[in-house]
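What follows is a single structure, written as structure tokens, with notes after it.
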Amino acid sequence: MCERKQPIGVFDSGIGGLTVLEQLIKKFPNENFIYVADQGSCPYGTKSPCEIAERVESITSFLLARNVKAVVIACNTASVHIERAKSLTSKPVIGMIEPTCERAVQLTENKKIAVLATAATIESRAYQKLLEKSGITPVPLACGEFVELLESGFCGLSVEDIVRNKLRQIENAGMDVLIYGCTHFSLLEPQVTKALGGVKCVACGQPAAELLEKVLNENRLENTVNSKGKVELYTTGSVIKAAETMKWFSCPHAPVRHIEIE
Ligand code: DGL
């Protein structure tokens, strides 16, 4: 098959990466996508760096075996280990941290940016280091509990309370921009903006889609057909649970299928 027609592989530990996939489909409606939700190993954010890097290797290898032309790591916690994925292939691999940071740096006026992320991402200091390089004061906050909340399909008033209580820790920190440094968290946009009115929030999806556009272009990998692309979704967890927690994802796709990835 012509390389340009091959699918783009996208993965996350769960449903969070679908917020990125949504933006990718919007930008590249004619591309084919294979999405893996590694729900059998979710959450990543409480795992050791070594365990996370191993999942990055396993899922990337699965996608490469499916002949993807590029890999998008639609998970910040996994993006910390992007080098592990890059070591497996010469095809383009895109992570979330750099494009999202870059967008946030463009937006801040007072040079103070909050980063909501999993414990593993915060402990890696990946965001903090990049922000500090640009002369920004980072305000990091580990909120891994939000991942489990969203993966369990939890919604409603109590979520608003949980988010508000958690964000109290940074409400007086003085940032004017906040990064959703976990792809799950942009699903909490209504609750976050309610708790921290006036702070501009940056999600990973759009900056990542723009970077992918640049990379596909540079590598002459854009699909030039005019028809709509196919979207395949896989979970390493339960298909029933996946279908339930992915209900909000409105892009047309094939029914979610189960796969085992060791
Ligand atoms: N969605 C993932 C991220 O962007 C992490 C969720 C998890 O802890 O598995 O970091």
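The values are calculated or read from the model by the stated rules, or taken from the named source; none is laboratory data. Nothing here was measured: the structure is a model prediction, and the numbers come from that model. In this analysis, Cβ positions are derived from the backbone assuming ideal geometry, glycine residues included, and neighbour counts consider all displayed protein chains. Accessible surface is based on the protein model in full, side chains and every heavy atom, while ligands, DNA and RNA are left aside. Shrake-Rupley method; radii C 1.70, N 1.55, O 1.52, S 1.80 Å.
Quick notes on this structure:
- Mean Cβ neighbour count within 10 Å, used as a protection proxy, ranking 94-105, 5-16, 196-207 highest first: 5-16, 94-105, 196-207
- From largest to smallest, the equivalent ellipsoid semi-axes obtained for the range 125-262 from the alpha-carbon gyration tensor read 30, 24, 14 Å.
- Given charges at Cβ of Lys, Arg, Asp, Glu: the chain dipole, positive-most of GLY153, GLN206, VAL139: GLN206
- Dipole of the chain, positive end: most advanced residue of THR77, VAL20, ALA195 [Cβ charges, Cα centre]: VAL20
- Separation of the GLU145 and THR193 label points, Cα + 7 Å toward Cβ, nm: 2.5 nm
- Helix-only CD estimate at 222 nm, as mean residue ellipticity for the chain, using -39500 (n - 2.57) per DSSP H run (n ≥ 4): -11500 deg cm²/dmol
- Using the Karplus relation 6.51 cos²θ - 1.76 cosθ + 1.60 with θ = phi - 60°, the per-residue 3J(HN,Hα) values for the range 203-219 come to 9, 6, x, 5, x, 5, 5, 5, 5, 4, 4, 4, 5, 5, 4, 4, 9 Hz, with x marking Gly and Pro.
- The mean of 1/r over all pairs of different alpha-carbon atoms in the chain, once inverted, gives a Kirkwood hydrodynamic radius of 18.4 Å.
- Across the accessible surface of the chain, with the other protein chains kept in place and a 1.4 Å probe, carbon and sulfur atoms take up 50 percent.
- Ordering of 82-92, 51-61, 222-232 by packing [mean C-beta count within 10 Å, highest first]: 51-61, 82-92, 222-232
- Here LYS5 is the anchor, and the aspartates and glutamates within straight C-alpha reach of less than 14 Å, apart from those fewer than 8 places off in the same chain, are GLU31, GLU222.
- 5 angstrom amide H check on GLY144, placed H, neighbours 5+ away: ALA119
- Using the 1.4 Å probe convention, the accessible area of the chain works out to 44 Å² per residue with neighbouring protein chains retained.
- Amide H contacts under 5 Å for THR235, placed H, 5+ residues apart: ALA37, ARG257, HIS258, ILE259
- Point-charge dipole on Cβ atoms (K/R +1, D/E -1) for the chain, about Cα centre, debye to 20: 520 debye
- Divide the volume of the convex hull around the Cα atoms of the range 52-156 by the residue count and you get 133 Å³ per residue.
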